[in-house]
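> Please read through the structure below; I'll follow up with questions.
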Amino acid sequence: MAKITKRIVDGVKADGREQFVWDQEIPGFGLRVFGSGKRSYVIQYKVNGRTKRMSLGPHGRLTPEEARKEARKLLGQVSGGGDPAGEKKRANQSGTVAKLVERYLEDYVAIHNRASTAKEFSRLANSWIVPELGTMRVEAVGRQDVIKLHQSMKATPRQANHALAVLSRMFSLAEVWELRPEGSNPCRLIRKFPENSRERFLSEKELTCLGNAIDDLILKAEAPSDAFMAIRLLALTGCRLGEILGLKWEHVDFEQGCFQLPYAKAGNRQHPIGDTVIELLKQWPKRKGCPWVVSNKDHVAPLSASTVESIWRQVRNAAKLKDVRIHDLRHTVGTYAGQTGANAYQVRDKLGHRTLAMTGRYVNRLAPSLRDLSNDIEQRISGAMGSRVVSSVENGE
């Protein structure tokens, strides 16, 4: 042992093996000499009984005094319970937020979420999170960085809150993956923006206008008939758009009166349907070699969401219902279910919610069976809309 000075460093002869020279004034500070003659300053210490060694940098880039100063600082952290080598390892492993986004989408979202959810998370991450935080190291992101991102999205509060939720989940996983210290999620305590609740459902008069608009457009043959069928099924069943677009004939249980949905948002579930939908589907043609109830023009793939949304805009404009979203058809079914006297549990099961939290706005007390409930809703909506069904054969497809 000796005080490490430039004379000591230059005087160590390389002999083809690794050597260490430890400083006599700062325990744990040393010089590492490789067999090649390369020299590097190091510190060595124990954490929980384990010996750890950390490089401070090569001789030449650091002088002995600069290395001594850095060693005093880091070994002081060790005395206070720190682990500089462990922190450096976590920093090297964590990389940037952009890398964390990649891992989150590939190792978590792709496995645990539906494709449509993964697409939305990817859009949020790549449109907002990566541009704002992508170059920062994961462990360096603080609460003020997240607040700045959240505030930059205040013009779209619902989207801002969604981005905050995605970011929070990412940083929670970063802790699980040991990329950040436990309990360090920078999204904690950040208040979400108030969101304007939108409780839009269609009256029977509006449903009549909607049904007439669909009939008129069908007669003019201005759009694929499958898109109109999809809209009718959405209006009658309260299913989500993705559930109808992915619906295959094998999922339709005519005897039990339900859709068997293996891909639903709330997991594999049965969606009850009534006699109106059953009769509607019995009239609808099954295309040879096509498993989907509604499909694209050539009947070789599912009908796309963009096609239905495009046709929906035509329908609602023709019906003079420009403020109505296609998802409001689902709200309409929920509202009508509540008006029949259905309780929260039945509305939850009818709409396929995971919890009761989403159903309280629709319900009263006492309830009929789900099959009877579906019949009541479908008859009311179908009676208002009309029940014209035009197959692809009638449209000349």
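The values are calculated or read from the model by the stated rules, or taken from the named source; none is laboratory data. Quantities reported herein were computed from a predicted structural model and do not represent experimental measurements. We place every Cβ from the backbone using ideal geometry, glycine too, and count neighbours over all the protein chains shown. Accessible surface areas use protein heavy atoms only, side chains included; no ligands, DNA or RNA. Shrake-Rupley method; radii C 1.70, N 1.55, O 1.52, S 1.80 Å.
> What is the set of long-range amide H partners of Asn296 at a cut-off below 5 Å, with H atoms built 1.01 Å from backbone N?
Residues meeting the amide H criterion: Ala301, Leu303.
> With +1 on each Lys and Arg Cβ and -1 on each Asp and Glu Cβ, how big is the dipole of the chain about its Cα centre, in debye rounded to the nearest 20? Walk me through the numbers before you get to the answer.
On the way: 63 positive and 44 negative charges, 392 e Å.
Here the chain has a charge dipole of around 1880 debye.
> How would you order 4-13, 126-135 from highest to lowest mean count of nearby Cβ atoms within 10 Å?
Per-residue mean Cβ counts within 10 Å order the peptides as 126-135, 4-13.
> Kindly rank 110-120, 231-241 from highest to lowest mean number of other beta carbons found within 10 Å of each residue. Each step should come with its number before you reach the end.
Details: 110-120: 13.2, 231-241: 24.9.
Highest mean packing first, the order is 231-241, 110-120.
> Find out how many positive minus negative residues lie around Phe193, taking Lys and Arg as positive, Asp and Glu as negative, among other residues whose Cβ is under 13 Å from that of Phe193. It would help to have the intermediate numbers written out before the result.
Working: positive: Lys154, Arg158, Arg191, Lys192; negative: Glu195.
Net local charge, Phe193 excluded: +3.
> Between Ser304 and Lys288, 0.36 nm times their residue separation minus their Cα-Cα distance comes to what? Don't jump to the answer; show the numbers that get you there.
Numbers: separation 16, 0.36 × 16 = 5.76 nm, distance 1.95 nm.
Gain on stretching Ser304 to Lys288: 3.8 nm.
> Same structure again: Based on the mean of other beta carbon atoms within 10 Å per residue, what is the order of 203-215, 59-71, 144-156, most packed first? The partial results should precede the final answer.
Numbers: 203-215: 18.3, 59-71: 16.4, 144-156: 14.8.
In decreasing order of mean packing, 203-215, 59-71, 144-156 become 203-215, 59-71, 144-156.
> If each residue of separation counts as 0.36 nm, what is the full-extension length gain between Gln77 and Asn212 once their alpha-carbon separation is subtracted? Walk me through the numbers before you get to the answer.
Working: separation 135, 0.36 × 135 = 48.60 nm, distance 7.52 nm.
Going from the current span to full extension adds 41.1 nm.
> If I compute solvent accessible area with a 1.4 Å probe over the protein chains, what percent of it on the chain is carbon and sulfur? Mind dumping the intermediate values first?
Values: 10030 of 20530 Å².
Heavy-atom surface of the chain belonging to carbon and sulfur, 1.4 Å probe: 49 percent.
> How far apart, in nm, are the 7 Å Cα→Cβ label points at Thr117 and Lys192?
Modelled inter-label distance: 1.5 nm.
> While we're looking at this one, here's another question. Give me the distance in nm between label points sitting 7 Å out from Cα along the Cα-to-Cβ direction at Glu204 and Gln260, one decimal.
In this crude label model, Glu204 to Gln260 measures out at 3.7 nm.
> To continue, here is another question. Which semi-axis lengths, in whole Å and largest first, follow from the square roots of five times the eigenvalues of the Cα gyration tensor of the range 1-128?
One finds semi-axes of 43, 16, 13 Å for the range 1-128.
> Using Cα-Cα distances under 8 Å and only pairs 6 or more residues apart, what relative contact order does the chain have, in percent?
Details: 550 pairs, mean separation 47.7, N = 397.
Relative contact order comes out at 12 percent.
> Let me ask something additional. If I take the Cα coordinates of the chain and project them onto the principal axes, what are the three extents in Å, biggest first?
In descending order, the Cα extents are 97, 46, 38 Å.
> In addition: Before I look further, what does the chain give for accessible area per residue, probe 1.4 Å, in whole square angstrom? The partial results should precede the final answer.
Working: 20530 Å² over 397 residues.
The answer is 52 Å² per residue.
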